[in-house]
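Student: Sharing a structure here in structure tokens format.
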Amino acid sequence: MKRLTTLLFLFIGILLFGVDAPQEIRVQLDTVSPLSPIYLSQINGDASFPAQYLKELEKVLTFDFNHNGKTKVAGKTKEKELLLLSTNNLKALEVPFAVSFSLKEKNLSCKVYNLIEGYAKPFSEVALTGALGQDRQKLHKLSDAIHKVLFQEEGIAYSRILYSYQNKASAGEDSWSSEIIECDWDGENPKTITREKSYCVTPVLIPKGEGLAKDLFLYVSYKTGQPKIFIASIDEGKGKKVVDIRGNQILPAISKKRDKLAFVCDAGGRTDLFIQSIRPEIGRTGIPKQLFSYPRSTQASPTFSPDGSKVAFVSDKDGAARIYWISSEVSNKRPTAHLITKKSKESSCPSWSPDGTKLAYSAKTEGIRQIWVYDFAAEEERQLTSGTGNKENPCWAGNSLHLVFNSSDNDSSDLYVVNLNQPDAVKITKGQGKKHYPTWGPR
Amino acid sequence: MGTTLTNTYLKKQKEECMRKSLVWTVILSCSSLLVLDSCKKNDDAWSDSNNLGSYKRAKERVLWGTGASEETVAFHESTESSGFDNDFIPLQDEDLKGQFSEVVFAQPKDSPGEEGSFLPGIEGFHLPIGALAQVFQTVYFNTDEYTLKKQEHLQAIARAAEYLKAHPKTYVFVTGNCDQRGPEAYNLALGARRANYVRNLLIEKGVNGDQIHTISYGKEKLADLSNSPEGWAKNRRAEFKFYEKR
């Protein structure tokens with residue numbers, strides 16, 4: 001009886017003061033859109049070019065301002081066009097930003113209106129050629145100039161993406177060929193920049209050197225059988241072997257200061273991380289050094305921190321593949337590896353953002369590989385993409401806001417661009433074949 | 001009473017002072033020891049590095065950017081190999097030296113197909129046909145594994161080893177492949193690991209390591225495009241391509 005009374009009191013106590021009732025799980029969603037509406041006028045003016053051509057040019061500008069992570073293009077209406085032409089009562093446009101375009105004798109001029117701060121800025125004329133490929137790039141450059149005026153930050157529309165392209169995604173020796181392609185950030189203007197008639201993969205754009213004219217890139221070619229790392233200029237595309245080390249050389253990465261090359265190699269019988277001192281315009285300095293090796297494990301996909309002092313990479317040394325960082329300082333002892341991806345499973349292909357604050361990578365999420373972003377300051381892993389298709393090989397644009405990655409379904413693979421403010425990725429490549437291993441850099 | 005208190009205070013002050021001096025002495029001594037120890041470690045590191053073949057200390061300083069003069073070798077137009085005896089500086093951790101971990105063997109110095117090599121590139125190597133197809137059989141791996149479990153695969157490796165030992169002028173490429181489900185960049189590394197596992201097994205069975213080269217294809221060269229468990233199993237493989245030197 002005494003025991004029953006005690007239990008009864010305990011129960012009442014719990015009801016009155018004790019255990020919290022189960023609560024609803026609340027997810028805090030960011031409902032304020034980081035995107036500002038912008039109105040882009042039609043390209044009005046003389047008949048220098050056919051109307052259809054002008055529509056194509058408008059599409060280029062619309063893509064740039066719809067996917068820059070800062071603005072969203074407002075729908076065109078006749079009333080708004082008239083408002084912009086008359087420049088009276090521009091507030092009636094109900095957007096913070098507007099751009100009017102006009103064409104005269106193949107010269108495109110534009111005026112940018114910041115309706116919040118109340119100023120208008122005219123831009124110098126852009127001479128169009130009528131060649132869509134060239135004019136696209138001129139418009140991307142103009143988009144970046146407008147972006148700089150509105151947001152005081154460099155845009156990334158006038159940048160380039162390199163990727164590997166396998167024409168026939170079928171089995172067999174005769175179709176086993178892949179070259180490196182260069183394209184604009186919207187996937188247009190694709191141009192083959194290697195002509196090895198071999199299998200080329202994992203291109204890496206080398207950061208531009210001050211006062212140096214050539215744009216260089218690294219890639220891996222199977223032209224003699226074993227994969228080796230080559231360097232070539234984008235204009236010439238003729239590769240020179242970079243590292244003189246035995247075995248398979250794969251997955252190169254270069255430091256922002258362009259003085260260190262990290263790569264994976266099995267020279268010692270394991271798949272280890274190596275580092276080589278290089279001068280891209282001249283050659284290599286000294287011999288490679290084993291940077292990280294671990295018994296019974298596979299190392300992959302190095303990426304440098306912007307200051308070059310650290311290297312993040314994939315290792316399965318503790319079981320499943322996870323991402324770690326180590327110091328890039330060389331020693332004769334293995335550096336301590338610090339685990340980054342504690343939450344994500346089967347993590348791969350890390351890419352360190354140019355501002356050093358984030359790391360993008362791919363991780364298996366409910367059976368599908370998705371792009372995740374690790375925030376170094378908050379020490380948080382955040383899922384960026386969702387939906388079908390295995391998404392891999394993310395690479396940051398120079399603004400540390402945009403990412404390009406490849407997504408594959410069965411035998412096809414295409415490139416997508418996404419930014420941290422707009423998680424809906426946009427497909428930028430089309431047609432058959434496998435497009436993968438993208439890398440992003442300035443022109 | 002006042003004098004006693006003053007004396008006690010002075011005594012305490014003196015003791016405090018001595019204690020502080022002692023603490024500082026200990027801190028300074030420890031710091032000195034640490035500095036000396038780190039110097040010793042650095043010396044050990046350089047000393048170990050100096051034992052790595054023909055490379056001079058100055059050259060190593062250049063390699064890591066601490067030297068005053070730099071010796072830079074131009075990238076080759078061709079794919080010529082320098083033929084260095086030691087083409088990289090290895091880590092010196094004890095657990096990488098073999099007796100505490102898996103047995104691994106360094107790759108052959110020669111890179112087939114490159115200028116100066118006595119072997120052709122992969123185009124000169126052939127898939128085994130006829131009786132040789134029974135000797136050099138493709139072996140298959142379990143998902144995300146790099147070791148062979150099935151007895152029939154280990155027996156196939158033993159047969160290949162016997163043939164290679166009896167034919168020292170036969171050279172093989174072991175190609176490491178993965179199925180289409182894993183991440184493609186990681187699979188390039190996993191393919192290398194599978195190929196090296198087979199190579200290490202052959203060397204353990206007495207084959208000359210210079211006869212065996214490896215290539216990692218990751219999941220870039222699928223044998224079966226069907227997206228099914230059967231297709232995946234056919235792709236997780238190591239294949240042989242061979243070349244008979246006359």
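The values are calculated or read from the model by the stated rules, or taken from the named source; none is laboratory data. Just so you know, these numbers come straight off a predicted model, no measurement behind them. Counting neighbours? That spans all protein chains shown, and the Cβs are built from the backbone with ideal geometry, glycine included.
Student: Could you tell me which of the residues A:PRO423, A:PRO438 is at pLDDT below 90 and closer than 25 Å to A:LYS70 by Cβ?
Tutor: Working: A:PRO438 fails: at pLDDT below 90.
Criteria check complete, one pass: A:PRO423.
Student: Let me ask something else about it. Identify the single condition in (1) within 30 Å of A:SER233 (Cα to Cα); (2) without any contact (Cβ under 8 Å) to a residue 24 or more places away in the chain; (3) of a type in the set (A, V, I, L, M, F, W, C) that A:ILE254 does not satisfy, given that it satisfies every other one.
Tutor: Single failed check for A:ILE254: (2).
Student: If you don't mind, another one. Would you say A:ALA74 is under 24 Å from A:TYR416 (Cα atoms), over 22 Å from the mean Cα position of the chain (by Cα), aliphatic (A, V, I, L, M) and surrounded by 12 or more Cβ atoms within 10 Å (Cβ to Cβ)?
Tutor: Here the answer is yes, as A:ALA74 does meet what is asked.
Student: Sticking with this structure for a sec: Spot the failing condition for A:ILE116; the list is (1) at pLDDT 95 or above; (2) surrounded by fewer than 16 Cβ atoms within 10 Å (Cβ to Cβ); (3) aliphatic (A, V, I, L, M), and only one is missed.
Tutor: Here A:ILE116 meets the rest and fails (1).
Student: Considering each of B:ARG181, B:ARG194 in turn, give the residue that is in contact with a strand residue (DSSP E or B) (Cβ under 7 Å, 6 or more places away or on another chain) and within 12 Å of another protein chain (Cβ to nearest Cβ).
Tutor: After ruling out the rest, the residue left standing is B:ARG194.
Student: Pick from the range B:120-141 the residues that are surrounded by 17 or more Cβ atoms within 10 Å (Cβ to Cβ), facing another protein chain (nearest Cβ under 9 Å) and touching a residue at least 12 places away in the same chain (Cβ under 8 Å): which of them is nearest to B:ALA161 (Cα to Cα)?
Tutor: B:PHE125
Student: Something else about it: Please go through the range A:230-260 and pick out each residue that is hydrophobic (A, V, I, L, M, F, W, C), more than 19 Å from A:THR298 (Cα to Cα) and more than 7 Å from chain B (Cβ to nearest Cβ). Outline the logic, then answer.
Tutor: Filtering the range A:230-260 for residues hydrophobic (A, V, I, L, M, F, W, C) gives A:230-232, A:234, A:242-243, A:245, A:250-251, A:253-254.
From what is left, the residues that are more than 19 Å from A:THR298 (Cα to Cα) are A:230-232, A:234, A:242-243, A:254.
Across the range A:230-260, the qualifying residues are A:PHE230, A:ALA232, A:ILE234, A:VAL243, A:ILE254.
Student: On to the next question. In the range A:309-322, how many residues are in contact with a Lys or Arg (Cβ under 9 Å, 6 or more places away or on another chain) and surrounded by fewer than 21 Cβ atoms within 10 Å (Cβ to Cβ)?
Tutor: 2
Student: Any chance you could count how many residues in the range A:197-229 are within 12 Å of chain B (Cβ to nearest Cβ), within 25 Å of A:SER159 (Cβ to Cβ) and part of a loop (DSSP other than H, G, I, E, B)?
Tutor: 0
Student: Between B:ASN187, B:ASN142, which is outside any helix (DSSP H, G or I) and closer than 22 Å to A:THR298 by Cα? Give the derivation first.
Tutor: Working: B:ASN187 fails: outside any helix (DSSP H, G or I).
None of the others qualify; the one that does is B:ASN142.
Student: Got a sec? Which strands (runs of 3 or more DSSP E) wholly within the range A:263-374 have at least 1 residues that are under 23 Å from A:LEU216 (Cβ atoms) and away from every other protein chain (no Cβ under 11 Å)?
Tutor: Working: elements: A:272-279, A:283-292, A:299-304, A:310-315, A:322-327, A:345-352, A:358-365.
Correct list: A:299-304, A:310-315, A:345-352.
Student: Does the range A:258-307 hold any residues that are in contact with a Cys (Cβ under 9 Å, 6 or more places away or on another chain) and more than 27 Å from A:LEU212 (Cβ to Cβ), and which are they? Please lay out each step first, then the result.
Tutor: As a first pass, look at the range A:258-307 and keep what is in contact with a Cys (Cβ under 9 Å, 6 or more places away or on another chain): A:271-274, A:288, A:290, A:300-301, A:303.
Of everything in the range A:258-307, those that are in contact with a Cys (Cβ under 9 Å, 6 or more places away or on another chain) and more than 27 Å from A:LEU212 (Cβ to Cβ) turn out to be A:THR271, A:ASP272, A:LEU273, A:GLN290, A:ALA300, A:SER301.
Student: Against the definition (closer than 17 Å to A:ARG284 by Cβ and either hydrophobic (A, V, I, L, M, F, W, C) or modelled with pLDDT under 75 (or both)), how does B:PHE105 come out, yes or no?
Tutor: Details: closer than 17 Å to A:ARG284 by Cβ: no; either hydrophobic (A, V, I, L, M, F, W, C) or modelled with pLDDT under 75 (or both): yes.
No; evaluated as a whole, the condition is false for this residue.
Student: Continuing with this model, one more query. Only residues that are surrounded by fewer than 24 Cβ atoms within 10 Å (Cβ to Cβ), more than 25 Å from A:ARG258 (Cα to Cα) and of a type outside the set (Val, Ile, Thr): list them for the range A:323-362, please.
Tutor: Within the range A:323-362, the subset surrounded by fewer than 24 Cβ atoms within 10 Å (Cβ to Cβ) is A:324-346, A:354-358.
Now drop any that are not more than 25 Å from A:ARG258 (Cα to Cα), which leaves A:339, A:341-346.
Listed by number, the residues that qualify are A:LEU339, A:LYS342, A:LYS343, A:SER344, A:LYS345, A:GLU346.
Student: Among all residue pairs at least 6 apart or on different chains, which show Cβ distances below 9 Å where the first residue, located in the range B:222-237, is away from chain A (no Cβ under 11 Å) and the second is part of a helix (DSSP H, G or I) and surrounded by 14 or more Cβ atoms within 10 Å (Cβ to Cβ)?
Tutor: B:ARG236/B:ARG194; B:ARG237/B:ARG194
Student: Output the residue which, of all residues in the range B:225-246 that are modelled with pLDDT of 95 or more, assigned to a strand (DSSP E or B) and of a type in the set (A, V, I, L, M, F, W, C), is surrounded by the most Cβ atoms within 10 Å (Cβ to Cβ).
Tutor: Ranking the candidates gives B:ALA238 first.
Student: Just give me the residues in the range A:290-329 being closer than 18 Å to A:VAL204 by Cα and polar (S, T, N, Q), in sequence order.
Tutor: Matches in the range A:290-329: A:SER301, A:THR303, A:SER305.
Student: What do you reckon, is A:PRO354 in contact (Cβ under 8 Å) with a residue 60 or more places away in the chain, under 19 Å from the mean Cα position of the chain (by Cα) and within 24 Å of A:PRO203 (Cα to Cα)?
Tutor: Numbers: in contact (Cβ under 8 Å) with a residue 60 or more places away in the chain: yes; under 19 Å from the mean Cα position of the chain (by Cα): yes; within 24 Å of A:PRO203 (Cα to Cα): yes.
For A:PRO354, the condition - in contact (Cβ under 8 Å) with a residue 60 or more places away in the chain, under 19 Å from the mean Cα position of the chain (by Cα) and within 24 Å of A:PRO203 (Cα to Cα) - is met.
Student: Mind listing whichever residues of the range A:408-434 are part of a strand (DSSP E or B) and more than 12 Å from chain B (Cβ to nearest Cβ)? Steps first, please.
Tutor: Of the range A:408-434, the ones part of a strand (DSSP E or B) are A:408-409, A:412-419, A:422-427, A:434.
Those that are part of a strand (DSSP E or B) and more than 12 Å from chain B (Cβ to nearest Cβ): A:ASP414, A:LEU415, A:TYR416, A:VAL417, A:VAL418, A:ASN419, A:GLN422, A:PRO423, A:ASP424, A:ALA425, A:VAL426, A:LYS427.
Student: Which of the residues belonging to the range B:146-173 are away from chain A (no Cβ under 11 Å) and either under 27 Å from A:SER301 (Cβ atoms) or assigned to a loop (DSSP other than H, G, I, E, B) (or both)?
Tutor: Here is the first cut: in the range B:146-173, the residues away from chain A (no Cβ under 11 Å) are B:148-172.
B:LEU148, B:LYS149, B:LYS150, B:HIS167, B:PRO168, B:LYS169, listed by residue number.
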